[in-house]
Each structure stands twice: as C-alpha cells, then as structure tokens.
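Chemist: Starting off with a structure, shown below.
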Amino acid sequence: QVQLVESGGGLVQPGGSLRLSCAASISIFRLSNMGWYRQAPGKQRELVASITNVGTTNYVDSAKGRFTISRDNAKNTVYLQMNSLKPEDTATYYCNSAGPLGRHWGQGTQVTVSS
C-alpha cells in the first residue's frame, strides 16, 4: 500500500529554520504531484507548497520567499525547507501525494515556532 512518512518537525525560535522530509513508498512517485499542507488548532488545513511531477512549484503567499519545496525522484522523497520561521507557521504539517494511485496523506509532523 501507499505510505507517506514525514519527519523533521520540532520546536524552533522565530527566525529559525527547519527542513521537513516526506518519504513515499510509491513505485510511480515520479508521476505524482506532491504537496505540503498545514493545519493549526481551530483552523482549516491549507496548502503551503506543491510541486508537480515535472518540478513546477507553487506556494501560498505567506510562504513565498521563505519556504522551498523540492523533490528527489531517485529517493522517492519530497522536502520542505522552511527559513525565517514565524509564530504563525506553527501547525501540524502533512505530506500529500496525488497521482495514478489516488490521493494519500502522511500522519503529520508538528512544527512549533515560539520564543
């Protein structure tokens, strides 16, 4: 079955950086679009960044210039580099895949930005 496993979350001070990873057990990973979503308490889940099967990226306005999504098809892994973190970035971050095998979600990794 398809599995997505996130890692790299943690507690960081404002202005700090974190790098999230999502490892996918998908043999056709190269044909899938990947995304990072986040959900804060009391708020709806939102798409933070996405990358298509051919490498085209997109970002929510609040992440532009601070976050970078990338993928390594040889490792079946997608990354989210987060710089200049702000308290409002605090949320559970989820990895998502969409492709020939349908849509799948990871269990999430917690990111907390606080002094």
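Chemist: Quick one: in the stretch 90-115, which of the residues that are open to solvent by less than 40 Å² (accessible area, probe 1.4 Å) and in contact with a helix residue (DSSP H, G or I) (Cβ under 8 Å, 6 or more places away or on another chain) is farthest from residue 61 (Cα to Cα)?
Modeler: Checked the stretch 90-115; the qualifying residue farthest from residue 61 (Cα to Cα) is 99.
Chemist: Looking at the stretch 82-115, which of its residues are within 22 Å of residue 17 (Cα to Cα), more than 11 Å from the chain's Cα centre (by Cα), assigned to a loop (DSSP other than H, G, I, E, B) and not aliphatic (A, V, I, L, M)?
Modeler: 83, 84, 86, 90, 107, 114, 115
Chemist: State the number of residues belonging to the stretch 1-36 that are outside any loop (DSSP other than H, G, I, E, B) and open to solvent by 40 Å² or more (accessible area, probe 1.4 Å).
Modeler: Counting residues in the stretch 1-36 that are outside any loop (DSSP other than H, G, I, E, B) and open to solvent by 40 Å² or more (accessible area, probe 1.4 Å) gives 8.
Chemist: Say whether the condition of being in a loop (DSSP other than H, G, I, E, B) and in contact with a Pro (Cβ under 9 Å, 6 or more places away or on another chain) is met by at least one residue in the stretch 66-81.
Modeler: Taking the stretch 66-81 and keeping what is in a loop (DSSP other than H, G, I, E, B), we get 66, 73-76.
Retained after the next criterion (residues that are in contact with a Pro (Cβ under 9 Å, 6 or more places away or on another chain)): none.
No, the stretch 66-81 has no match at all.
The values are calculated or read from the model by the stated rules, or taken from the named source; none is laboratory data. All figures in this text were calculated on a predicted structure; none of them were measured in a lab. Here the Cβ is made from the backbone with ideal geometry for all residues, glycine too, and neighbour counts use every protein chain on show. Heavy atoms of the whole protein, side chains included, go into the accessibility calculation; ligands, DNA and RNA do not. Shrake-Rupley method; radii C 1.70, N 1.55, O 1.52, S 1.80 Å.
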